[in-house]
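One structure is given here, and the rest of the page talks about it.
The values are calculated or read from the model by the stated rules, or taken from the named source; none is laboratory data. Bear in mind that the values here come from a model prediction, so they are computed numbers and not experimental data. Here the Cβ positions follow ideal geometry from the backbone for every residue, glycine too, while neighbour counts run over all protein chains shown. Accessible surface is based on the protein model in full, side chains and every heavy atom, while ligands, DNA and RNA are left aside. Shrake-Rupley method; radii C 1.70, N 1.55, O 1.52, S 1.80 Å.
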Amino acid sequence: MRFPFKLSALALPAVLACTSSTPDQTITTPTWGVPITGGTMLVVGAGATARAVIADPDRDRIVIVNLSDGKILGNTALSPNDEPGRLVEGANGQVHVALRRGGAIVTIDSNGAILSRRDVCAEPRGLAYDATNDHLFVACSTGELVTFNGSGGDAIRKVQLERDLRDVVYNETTGGLTITKFRSAEILNVLADGTIGTRTKLQTVFRFGNGGPIGGGDLPPNTGGGAGSANPDGTVNAIPTVAWRMIKTDKGLVVSHQRQVQGELQTTQDGYGGGGCTQQGPVEAGLSVIHEDGTTTSVRPIASGSLPVDLAQSTDHSVIAVLTAGNQGVTIIQTSQLDQHDDNDPCGGGGDNGNHDNLGAPTSVGFSTGGTTAAGGTSPGSLVTYYPEVPAIVIRANNGADAPRVVKIPGELGYDSGRNVFHTQTKSGLACASCHPEGRDDGQIWTFAQFGTRRTQNLAGGILQRAPYHWTGDKPDLDNLMNDVFAVRMGGGTPTDGQKLAIGPWIDRLPAPKPLAGVDPDRAARGKALFESNTVQCTKCHNDALMTNNTLQDVGTGGAFKVPSLLGVSARAPFMHNGCATSLADRFSLACGGGDKHGLTSQLTPAQIDDLVGYLESL
């Protein structure tokens, strides 16, 4: 065995008597639980002072645990619905925490006392810290990049970049930043002056030689590399998407992400993949390395786990752990294995150098109430993982020579069947969250044998009020959708009544994406007047609180399709049922349902179209 951890030691420790019923472990109400995001734990310090700082978004608090003795050093309550997320270490033992729904950053000391809370943007996501200048950088999914002094005070710079910003890493050499875009997995290299310098695309790789195993069907002839097409050698492209996590290592920046395997999907039993190396699904988990010279290396995918939500590296840089929430797995690899290039063999044999079988197999600690959602590296060869539902952390020390140690964190058990089924992978290798990360959408276009191309729909923002479901409205309710898509196409098995009852209310609690930042209010007001006017008639279909009448309409794109809600629409590019509009402005082109079938827009000037777009961006 070449693994730095003895995988046999990762079984559920016998000491987990802490899951027995105690006064502070009553099951919470069904309102418990937020989407899994990863990146919600940070390990700081070393030796006897090493501590885990845990952002607990389910309970809106920050917990600090001394890792040497398990003592709880801090248990700091936040405001309801703050939803703490990413953390970064600042000066003097301080830790800065992004509040994903609270729209702020909070700074705590080594004991968890809140030193400051500062408003930043509607949806703060990634954090980075420049120790030389005491600068704290915040990347927002609404497009802002905000700079603060770590010691306190208002923002010292705010620049508007692009939607969907995620993780951010500071470059000490150049003074610039590297920022991931969540759904597209694109990498933005931001210069010290706040402008975008270059963009990096992670490597596309090839999958499934001699035919397409998605759902067991054959691939169509080569049609130029689009979704559903095959290359001349019978392989298909696997395109990086959904960059869950990026961390800095001595090998470069490592990104855990998904890949869309561009085969043709079936709507039949196991139509999204039946499991195993010859029947894999359309989404796989992978790793990529971004080197200092800007080149990227695609590392072999983690074929047996979905939702690679988090990464952690040991302090001696020898090993990296990848957390796959879909199977509650922890895959441990040697950092040297990041040099191994991907190949056309998702099953893990042979390849570029024949060493892919050295990758650690996913293992689970086995908590019955849910899986690991965050990780951190501590002393050499040690790993800490966080299990929010228990809640507890598990410490694996001394390269796995010691039995895993469980530290119970104060707090009640938390469990929601809806959240659990949403994040649990089926035998197709897919979880609901694979295509709907964080309850939203992956921005991908899929090719179906039965009806052509379809764009993933957004789920967040009042799902229970938006029936019927699917672009053609063929699913009258969520029960019907679960019985078909989850049970049949994804191979998830028949969902229980409890799962079907729980998943709708859980998704329904997820808010729609916040509007794009920086929209000119005068422009948006002019667009609103046009949108609501009798001459343009947008409100005939996009009305009421969710801005949809839930009907099917033919807007010139080849048939009658569901009217979507427009809440948070600027976060959902590309647009329309087939993704024909790459931008909101493109939606008004004749090639994508423009003219007078999708509102009466043929008479509008380019300036008026721009105003309409401004209003849509403000929703």
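So Ile156 clears everything in (1) over 20 Å from the mean Cα position of the chain (by Cα); (2) open to solvent by 20 Å² or more (accessible area, probe 1.4 Å); (3) within 25 Å of Ser382 (Cβ to Cβ) except one condition, right? Which one?
The number of the failed condition is (3).
Within the range 391-404, is even one residue at pLDDT 70 or above, within 19 Å of Val63 (Cα to Cα) and in a loop (DSSP other than H, G, I, E, B)?
yes
For Thr235, state whether it is among the polar types (S, T, N, Q), at pLDDT below 80 and open to solvent by less than 20 Å² (accessible area, probe 1.4 Å). Give the derivation first.
Numbers: among the polar types (S, T, N, Q): yes; at pLDDT below 80: yes; open to solvent by less than 20 Å² (accessible area, probe 1.4 Å): yes.
Judged against the criteria, Thr235 is a match.
Which condition from (1) in a strand (DSSP E or B); (2) surrounded by fewer than 21 Cβ atoms within 10 Å (Cβ to Cβ); (3) in contact (Cβ under 8 Å) with a residue 60 or more places away in the chain is the one that Thr180 breaks?
(2)
Got a number for residues in the range 121-136 being hydrophobic (A, V, I, L, M, F, W, C) and open to solvent by 10 Å² or more (accessible area, probe 1.4 Å)?
So in the range 121-136, the residues hydrophobic (A, V, I, L, M, F, W, C) come out as 121-122, 127-128, 131, 136.
If we keep only those that are open to solvent by 10 Å² or more (accessible area, probe 1.4 Å) as well, we get 121-122, 127, 131.
Count: 4.
Out of (1) outside any loop (DSSP other than H, G, I, E, B); (2) touching a strand residue (DSSP E or B) at 6+ places or on another chain (Cβ under 9 Å), what's the single condition that is false for Gly614?
(2)
When residues of the range 600-619 are filtered for being more than 30 Å from Val242 (Cβ to Cβ), open to solvent by less than 20 Å² (accessible area, probe 1.4 Å) and either β-branched (Val, Ile, Thr) or at pLDDT below 95 (or both), how many remain?
Going residue by residue through the range 600-619, those that are more than 30 Å from Val242 (Cβ to Cβ) are 600-611.
When the remaining residues are screened for being open to solvent by less than 20 Å² (accessible area, probe 1.4 Å), the result is 601, 611.
From what is left, the residues that are either β-branched (Val, Ile, Thr) or at pLDDT below 95 (or both) are 601.
Residues in the range 600-619 being more than 30 Å from Val242 (Cβ to Cβ), open to solvent by less than 20 Å² (accessible area, probe 1.4 Å) and either β-branched (Val, Ile, Thr) or at pLDDT below 95 (or both): 1 in total.
Table: residues versus (1) open to solvent by 40 Å² or more (accessible area, probe 1.4 Å); (2) within 30 Å of Ser618 (Cβ to Cβ); (3) β-branched (Val, Ile, Thr); (4) more than 26 Å from the chain's Cα centre (by Cα).
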residue: Ile409; (1), (2), (3), (4): no, no, yes, no
residue: Asp416; (1), (2), (3), (4): no, no, no, no
residue: Lys427; (1), (2), (3), (4): yes, no, no, no
residue: Leu430; (1), (2), (3), (4): no, no, no, no
residue: Ala433; (1), (2), (3), (4): no, yes, no, no
residue: Gly443; (1), (2), (3), (4): no, yes, no, no
residue: Gly492; (1), (2), (3), (4): no, no, no, no
residue: Pro505; (1), (2), (3), (4): yes, yes, no, no
residue: Ala512; (1), (2), (3), (4): no, yes, no, no
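Quick check, is Ala122 hydrophobic (A, V, I, L, M, F, W, C), touching a residue at least 40 places away in the same chain (Cβ under 8 Å) and not in a strand (DSSP E or B)? So that I can check it myself, show each step before the final result.
On the way: hydrophobic (A, V, I, L, M, F, W, C): yes; touching a residue at least 40 places away in the same chain (Cβ under 8 Å): yes; not in a strand (DSSP E or B): yes.
In short, yes.
When you scan the range 577-604, how many residues do you find that are outside any helix (DSSP H, G or I) and under 17 Å from Gly559 (Cβ atoms)? Quick ask: steps written out before the conclusion?
The first filter runs over the range 577-604 and keeps only residues outside any helix (DSSP H, G or I), leaving 577-585, 589, 593-604.
Checking the rest, the ones that are also under 17 Å from Gly559 (Cβ atoms) come to 577-581, 593-595, 597-598.
Residues that pass the stated criteria total 10.
Pick out the one residue from Phe588, Phe561 that is aromatic (Phe, Trp, Tyr) and either open to solvent by 40 Å² or more (accessible area, probe 1.4 Å) or more than 23 Å from Arg440 (Cα to Cα) (or both). So that I can check it myself, show each step before the final result.
Values: Phe561 fails: either open to solvent by 40 Å² or more (accessible area, probe 1.4 Å) or more than 23 Å from Arg440 (Cα to Cα) (or both).
When all the criteria are applied, what remains is Phe588.
For the subset of the range 568-585 comprising residues that are in contact with a Pro (Cβ under 8 Å, 6 or more places away or on another chain) and closer than 21 Å to Gly462 by Cβ, which member is least open to solvent (accessible area, probe 1.4 Å)?
Ranking the candidates gives Gly568 first.
For the range 193-211, indicate whether the set of residues that are touching a Gly at 6+ places or on another chain (Cβ under 9 Å), modelled with pLDDT of 90 or more, assigned to a strand (DSSP E or B) and open to solvent by less than 20 Å² (accessible area, probe 1.4 Å) is non-empty.
yes
Does Asp554 meet the test of being open to solvent by 20 Å² or more (accessible area, probe 1.4 Å), out of contact with any helix residue (DSSP H, G or I) (no Cβ under 9 Å at 6 or more places or on another chain), of a type outside the set (S, T, N, Q) and free of Cβ contacts under 8 Å to residues at least 12 places away in the same chain? Full working, then the answer.
Numbers: open to solvent by 20 Å² or more (accessible area, probe 1.4 Å): yes; out of contact with any helix residue (DSSP H, G or I) (no Cβ under 9 Å at 6 or more places or on another chain): yes; of a type outside the set (S, T, N, Q): yes; free of Cβ contacts under 8 Å to residues at least 12 places away in the same chain: no.
No; evaluated as a whole, the condition is false for this residue.
Considering only the range 518-551, how many residues are assigned to a loop (DSSP other than H, G, I, E, B), in contact (Cβ under 8 Å) with a residue 60 or more places away in the chain, on the phi < 0 side of the Ramachandran plot and open to solvent by less than 40 Å² (accessible area, probe 1.4 Å)?
4
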